[in-house]
Amino acid sequence: MSIPSHVGIIMDGNGRWAKERGLPRREGHLAGIDSLESVLRRAEKLGIPCLTVYAFSTENWKRPGNEVKFLLQLFEETLMNRAEDLFRNNIKVKVIGRRDGLPHGLLRTIDRIEEKTAGNRDHILNIAFNYGGRAEIAHVVSRIIQDIEEGKEFRQIDENVIENYLYNPEFPEVELLIRTGGEKRLSNFLLWQSAYAELYFTEKYWPDFDGDELEKAIEDFKKRNRRFGGLKEKGGE
Ligand code: IPE
Ligand code: IPE
Ligand code: MG
């Protein structure tokens, strides 16, 4: 099995990492940015073409107001101040998720970073922010209906049609899905795209995850026998 074409990461465990150190939760979120940087550098080195990271879910609004505010601010500041070193000149950034509910300033910053990196060709980084897999599927259905009402005709609504309406139709389906922080659930992440993903769970909190940990997950992935419902490895004997 070769390198996965798309790796999804549920970056979980920031709060517990901080708590174990007697620090406020926000310190865990801050430390998590360095993990992302380390993972991005290794992903480039390993030649992983596409990465999607889960940064804020549609359910995370349930957290106390000050934490939500901090996460929104941290995201915006990271896009503004750390874009140069995080994305260098070779990562095309796309933010996927619901735009409704996000402050205008943040939306402008998102648009700017997407424009600035649009010409980068080597790697794609999708940042799932205010993202929910169910919300994405609902968005697909409502956009298809809207297009039909506006006169678009489909012979049938098949999987290809649905894929064309996803937030980022450009990315391949998830081959490896990593969750840090010890929980074994999807928490509404990339439900459609992960239908056949290999799952990798680690106890490591996200701030303790780095390029070496990513490489471990990739090594584990390489040993998997992916059958896709058939009897042998796709393309193998
Ligand atoms: C993941 O860490 C980051 C976000 C969900 C934004 P958590 O904040 O969920 O950390 P734990 O799971 O409480 O430790
Ligand atoms: C999933 O983590 C969302 C992100 C990592 C952004 P959560 O900490 O929000 O998930 P639950 O609450 O454990 O399901
Ligand atoms: Mg969590």
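The values are calculated or read from the model by the stated rules, or taken from the named source; none is laboratory data. Values in this document were obtained by computation on a predicted structure and should not be read as measured data. All Cβ positions, even for glycine, are placed from backbone atoms using ideal geometry, and neighbour counts span all protein chains on display. For accessibility, only protein heavy atoms count, side chains too; no ligands or nucleic acids. Shrake-Rupley method; radii C 1.70, N 1.55, O 1.52, S 1.80 Å.
Side notes on the structure shown:
- Placed amide H near I9: partners under 5 Å, 5+ positions off or other chain: T52, V53, Y54, I178
- FRET efficiency, E150 to E59 (Cβ-Cβ, R0 35 Å, nearest 0.05): 0.60
- Label sites at L46 and R227, each approximated as a point 7 angstrom past Cα along Cα to Cβ, lie 2.5 nm apart.
- Qualifying chymotrypsin sites (Phe, Trp or Tyr not before Pro) in region 142-233, DSSP loop, other Cβ atoms within 10 Å at most 10: F154, F228
- Extension gain, E173-N160: 0.36 nm per intervening residue step, less the Cα-Cα distance, totals 3.5 nm.
- For region 1-151, the solvent-accessible area of protein heavy atoms averages 50 Å² per residue (probe radius 1.4 Å; ligands and nucleic acids excluded).
- GNM remark for the chain: springs join alpha carbons under 10 Å apart, and the peak mean-square fluctuation among G28, G105, G181 falls on G105.
- 222 nm mean residue ellipticity, helices alone, for the chain (DSSP H n ≥ 4; -39,500 (n - 2.57); rounded to 500): -13000 deg cm²/dmol
- Bridging of K184 to lysines at a Cα separation below 16 Å is possible for K204, once same-chain residues fewer than 8 apart are set aside.
- Label-to-label distance, nm, for residues given as R143 and R121 (7 Å Cα→Cβ offset): 2.6
- Accessible surface of the chain, 1.4 Å probe, proportion on carbon and sulfur as whole %: 47
- If R0 is 25 Å, the Cβ-Cβ spacing of R21 and E203 corresponds to a FRET efficiency of close to 0.95.
- Neighbour net charge for F129 - beta-carbon separation under 11 angstrom, K R +1, D E -1: +2
- With a cut-off of 12 Å between beta carbons, the residues surrounding V140 carry a summed charge of -2, where Lys and Arg count +1 and Asp and Glu -1.
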